[in-house]
1. Using a cut-off of 9 Å between beta-carbons, work out the net charge of the residues near Leu126 (Lys and Arg +1, Asp and Glu -1, Leu126 not included).
2. For the pair Phe193/Thr97, report the inter-label distance in nm, with labels modelled 7 Å from Cα in the Cβ direction.
3. Only four residue types carry charge here, +1 at the Cβ of Lys and Arg and -1 at the Cβ of Asp and Glu. Report the dipole size of the range 129-170 about the Cα centre in Debye, rounded to the nearest 20.
4. Using a 4.7 Å Cβ cut-off, which Cys residues in the chain lack a partner cysteine?
5. Could you give log10 I(q)/I(0) at q = 0.19, 0.29 Å⁻¹ for the range 197-255, computed by the Debye formula over C-alpha point scatterers of equal weight, without solvent?
6. If you stretched the chain out fully between Thr208 and Leu259, how much longer would it get, using 0.36 nm times the residue separation minus the C-alpha to C-alpha distance?
7. For the pair Thr56 and Ala136, how long in nm is the line joining their label points, each one 7 Å along Cα→Cβ?
8. Would you mind working out the magnitude of the charge dipole of the chain relative to its Cα centre, with +1 at each Lys and Arg C-beta and -1 at each Asp and Glu C-beta, to the nearest 20 Debye?
Amino acid sequence: MAAFSSRGPNGPIPQIMKPDITGPGVDVIAGWTRLAGASVATNDTRRVDYSIISGTSMSCPHLAGIAAYIMARRPEWSVAAIRSAIMTTAYTTTKGTANTLLDSSTSNAATPFDYGNGHVDPVAALNPGLVYDISAKEYKEFICSVNKTQAFMTEVTRSNFTCEGNKVYTPYALNYPSFGAYYNNSMTNGTYFARFPRTVTNVGGAGTYTASLTVDDESIAEVSVNPDTLTFATSGEKKSFEVVVKMHPRQGNFTDAYLTSHGRLVWSDETHTVGSSLGFIWGN
């Protein structure tokens, strides 16, 4: 992971795990305008058509192109389904090896707060097996969990959707392909439970998927999934499950920082691997 890459957690809404995905962004051969020199030096008079560039501005067009590549081949999929396919088929080790991705700024093992769900694999994303889809209504209900005022809803969605006054909305309910559990130290004492209802749609053939969980430190965060087996008879079939995260209190300086830990949920039918990052965040 390059030092310049964006990192999590997602400060405004820690319950939505960020980043989502990692793409190629280091030493990329890219088009270069002839209106500027070949380097950042103001006196550089050289003009070139291509240059070697690094940055998130190189990674972004890779991911946008991959999304377009999938849309062209899977036109029936929603934008949310395409994002899910990209995220859940990403890999978290150096491809073809068991070597952990490294954070170049520390030389330590990278975590989901560095790489998100992993490094994008465009070929695998065409055949993800299962996808986490999200409707427009679900997004609006998610916005209700952030701010229930009509003015905020109208500003964000340009719609007249109204949050129900007596309904309890939670960001955990958004059918996102990753999971962020947030322990708010200023509001929580003792053990905290985060519950994530999720629904997956089968975009492959018939099969049975079994869940497997890994957690970096089970002494501070425990995870369960129920049910842990999902059987699909046809493409397009939907199945629901719930992930429950049990978080224990932690001591630390939460003035301007978070404490984090992480894990991973994988659904597999021995043909498809549907992976989701788990993020556990302690903060104020």
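Here, each number is a calculation from the coordinates, and none is a lab measurement. Please read these numbers as outputs of a predicted model, since none were measured by experiment. Because the Cβ atoms are built from the backbone with ideal geometry, glycine has one as well, and the counts that use them run over all protein chains shown.
1. Working: positive: Arg73, Arg74; negative: none.
Combined, the nearby Lys, Arg, Asp and Glu give +2.
2. Each label point lies 7 Å from its Cα, and together they span 4.3 nm.
3. On the way: 5 positive and 5 negative charges, 22 e Å.
The dipole magnitude comes to about 100 debye.
4. Cys60
5. -0.75, -1.18
6. Values: separation 51, 0.36 × 51 = 18.36 nm, distance 3.64 nm.
Fully extending the segment from Thr208 to Leu259 adds 14.7 nm.
7. Label at Thr56, label at Ala136, 2.9 nm between them.
8. Values: 21 positive and 23 negative charges, 127 e Å.
That gives the chain a dipole magnitude of about 600 debye.
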